[in-house]
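The values are calculated or read from the model by the stated rules, or taken from the named source; none is laboratory data. From a predicted model like this one, the values you see are computed outputs, not experimental measurements. Backbone-built Cβ (ideal geometry, glycine too); neighbour counts: all protein chains shown. Areas reflect the complete protein model, heavy atoms only, side chains present, ligands, DNA and RNA absent. Shrake-Rupley method; radii C 1.70, N 1.55, O 1.52, S 1.80 Å.
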Amino acid sequence: MKEQMTIVRHEPLAKQIYELTLSGSLVQTMNEPGRFVHVKVAEYAPLLRRPLSLCDINKEAGECTIIYRAEGAGTTLLAKKCPGETIDVLGPLGNGFPVEAAKAGQRALLVGGGIGVPPLYELAKQLASNGVSVTMVLGFQTKEVVFYEQKFLTYGETYVATVDGSYGTKGFVTDVINERALSFDVLYACGPKPMLKALEQQFPQKEVYLSLEERMGCGVGACFACVCHVPNSETAYKKVCSDGPVFKAGEVVL
Amino acid sequence: MNRLAVQLPGLSLKNPIMPASGCFGFGREYARFYDLSMLGAIMIKATTLEPRFGNPTPRVAETPSGMLNAIGLQNPGLEKVLEEELPWLAQYDVPIIANIAGSTMEEYVEVAKRMSQAPNVHALELNISCPNVKKGGIAFGTVPEVAAELTKLVKEVSEVPVYVKLSPNVTNIVEMAKAIEAAGADGLTMINTLLGMRIDVKTAKPILANRTGGLSGPAIKPIAIRMIYEVSQAVSIPIIGMGGIQSAEDVIEFFYAGASAVAVGTANFIDPFVCPNIIAELPALLEELGFDHISECTGRSWKKGEPTVHCGT
Ligand SMILES: Cc1cc2nc3c(=O)[nH]c(=O)nc-3n(C[C@H](O)[C@H](O)[C@H](O)COP(=O)(O)OP(=O)(O)OC[C@H]3O[C@@H](n4cnc5c(N)ncnc54)[C@H](O)[C@@H]3O)c2cc1C
Ligand SMILES: Cc1cc2nc3c(=O)[nH]c(=O)nc-3n(C[C@H](O)[C@H](O)[C@H](O)COP(=O)(O)O)c2cc1C
Ligand code: FES
């Protein structure tokens, strides 16, 4: 569950966006897309681990890939790490996307926003290999931070939207879905909360799975840092780290 | 020879290392990592009479060498802890110290009474020091007369020894400790978190939804050491020390200050194996420092007439 994994590759993909490939025996325990690893970036500072989603799992090579945005203290330090160095990884943690929810021949719509896009890659890969027809809608702020469009195209139609219109459709992922009248049997999404809310509201009758983000302490379910409310209850709760991060739409209050 | 076994009121500990309350849930999560029977004891999450949801999120914020939390005593309530969590923990050979909280004296007394009857609860830890709840919590922990009154009431109903958890958010911790000792407490646990706050540079708003939270982690260790040093010289009941412990060396430092056992909180989040690792490292460290038993370390920083440590011989 915890290992010093070795950095195999570490490359910038877009502005402030990095692709980090790690090798280690933990990879053999990674199955479900949408689960995350809790990464200790430095020995002392920053103190806490950082939750990052698994983007690609390659068991034959014994490697996994993470894509992250270097922004705050921890991820900025992470971006300075070089191949050959090791990092302390705890995981895989949480419950990921239910791949089996979409059956062979059915259509899955994968919707990602910004740094929520990475976990959809492993999901697209697994769905496609199960014979599910996958379509991606990826939203970014601007052209400079778009990544992985080509890689997603391997598995299905891929539409990109940017908020400022500098690339693809101008606007939000929901604009793409509406304009193209994209239809699906199962929807999987990861991204900022307003995006998840919009999707939940737009498709109340559909099978929708949403991956949430919350600030974490332990990442394993012990500290109650990452809880969210369950509908129609004052005291019932789910923990994003151990019950999620993926929930069925309606299961928790966004 | 077991260099680590420690006897405290109500507690016969294989070793003096235990996870701190609120940092280990009710043990289930960490049972995936190691056998909980390795631990000296477990301090379970604060329990109140009724289930509580706690504060809105974000509930944690990182700080230099520490973190702020404002969980707000979220817990499943006494009934569920008695019916599900404690029986589940009973499969392990480890004494439980039940952390109890409330908004009123009556609530504390009710929870204390019923909790102390559970077979694997060997001691109570009265949480009079939580900074994250509006009513109760810290109020009970900052006024010596109120803390003493509460201690007395809980002692009357409890079937197991009562440890009182001190808040560092006071001007005179010694006065507080003495009042609680005089009220009949069997031991003290210290320290709880220090009230703190962080503000987001981009939004100019507090990071925590609760605005303020309790500071824990290595940042508070020197404060814990100083307070234990002062309190242990003023009272004769044992102290379970906590605040920023991450290593076997930290444990020894707490003992030198005056602790008789220690609890590890925040460090569990950083390394889930921290408690068993410390337990494994302690015997060699004691050997190196020339101690036959860990209890020889208690109060070493202030005890008179003790030869200085024969390190490196
Ligand atoms: C389940 C899950 C999966 C994630 N997957 C990815 C991913 O694949 N790629 C990616 O770039 N980001 C991902 N994130 C967000 C990522 O965890 C944060 O961007 C990162 O923790 C920020 O750390 P920092 O050092 O840059 O920021 P700092 O500002 O230094 O962080 C301070 C503290 O706040 C926490 N924090 C800050 N922003 C977030 C956030 N958005 N979500 C949760 N905690 C936060 C940090 O973990 C840390 O404890 C994920 C978050 C979660 C909860
Ligand atoms: C997330 C979190 C939750 C906590 N919850 C409780 C609690 O329920 N009851 C309590 O007495 N102390 C609680 N504490 C305080 C710890 O038990 C401990 O006293 C404090 O964190 C100092 O130790 P540390 O620096 O090793 O974490 C909590 C601390 C943290 C970080
Ligand atoms: S982060 Fe600790 S319970 Fe989820």
Which residues in the stretch B:100-119 place their backbone N less than 18 Å from a point set 7 Å from the Cα of B:Glu159 along the Cα-to-Cβ direction?
B:100, B:109-119
Specify the inter-centroid distance of the stretch B:77-130 and the stretch B:210-288, based on alpha-carbon positions, in whole Å.
23 Å
Separation of the stretch A:39-56 and the stretch B:1-24 by C-alpha centroid, Å?
31 Å
Inter-probe distance in nm under a simple model that places probes 7 Å from Cα toward Cβ, at A:Glu179 and A:Lys206:
1.7 nm
If you count only protein heavy atoms with a 1.4 Å probe, what accessible area per residue comes out for the stretch B:205-313, rounded to a whole Å²?
39 Å²
Across A:233-241, the residue-averaged tally of Cβ atoms belonging to other chains within 10 Å stands at 3
Cα-based convex hull, the stretch A:77-140, per residue volume (Å³, whole number)
124 Å³
Round to a whole angstrom and tell me the spacing of the C-alpha centers of the stretch A:93-154 and the stretch A:159-232.
12 Å
Taking the Cα atoms of chain A alone, what are Rg (to one decimal) and Dmax (as a whole number) in Å?
17.5, 50
Within straight cross-link reach of A:Lys197, meaning Cα distance under 16 Å, which aspartates and glutamates are found once same-chain residues fewer than 8 apart are removed?
A:Asp175, A:Glu207, A:Glu213, A:Glu214, A:Glu251
Which value at 222 nm does the protein assembly as shown reach when only helices count, each DSSP H run of 4 or more adding -39,500 (n - 2.57), with the total divided by all residues and rounded to the nearest 500 deg cm²/dmol?
-6500 deg cm²/dmol
Semi-axes of the equivalent ellipsoid of the stretch B:6-297: what are they in whole Å, largest first, if each equals the square root of 5 times a C-alpha gyration tensor eigenvalue?
25, 23, 20
Once you put a point 7 Å from the Cα of B:Lys205 and another 7 Å from the Cα of A:Lys81, both along the Cβ direction, what distance in nm separates them?
3.2 nm
In nm, give the distance between the simple-model label positions of B:Met38 and A:Asp164, each being 7 Å from the Cα along the Cα-to-Cβ direction.
5.1 nm
If you take the accessible area of B alone, add that of A alone, and subtract the area of the pair, what total do you get in Å², probe 1.4 Å, to the nearest 100?
2600 Å²
Accessible surface of the stretch A:2-93 [probe 1.4 Å, protein heavy atoms]: carbon and sulfur percent:
48 percent
Take the cross-link list A:Lys143/A:Lys238; A:Lys143/A:Lys193; A:Lys40/A:Lys248; A:Lys40/A:Lys193; A:Lys15/A:Lys59 and give me the ones stretching past 31 Å between alpha-carbons.
A:Lys143/A:Lys238
Most mobile of B:Ala183, B:Ala123, B:Ala41 per a Gaussian network model of chain B (Cα springs, under 10 Å)?
B:Ala183
Defining a contact as two alpha carbons under 8 Å apart and six or more residues distant in sequence, what relative contact order in percent does the stretch A:2-93 show?
40 percent
Extended-chain gain in nm, criterion 0.36 nm per residue less alpha-carbon gap, B:Asn2 and B:Gln91
29.7 nm
Before anything else, pin down the relative contact order of chain B: Cα pairs under 8 Å, at least 6 apart, normalised by residue count, whole percent.
18 percent
Using protein chains only and a probe of 1.4 angstrom, how many square angstrom of A:Val8 are accessible, to the nearest 10?
50 Å²
When only alpha-carbon atoms are used, what values of Rg and Dmax, in angstrom, describe the stretch A:103-254?
15.7, 45
Give me the Kirkwood hydrodynamic radius of the protein assembly as shown in Å, from all C-alpha pairs, to one decimal place?
25.1 Å
Could you work out, residue by residue across A:1-9, how many beta carbons of other chains sit within 10 Å of that residue's beta carbon, and then give the average as an integer?
1
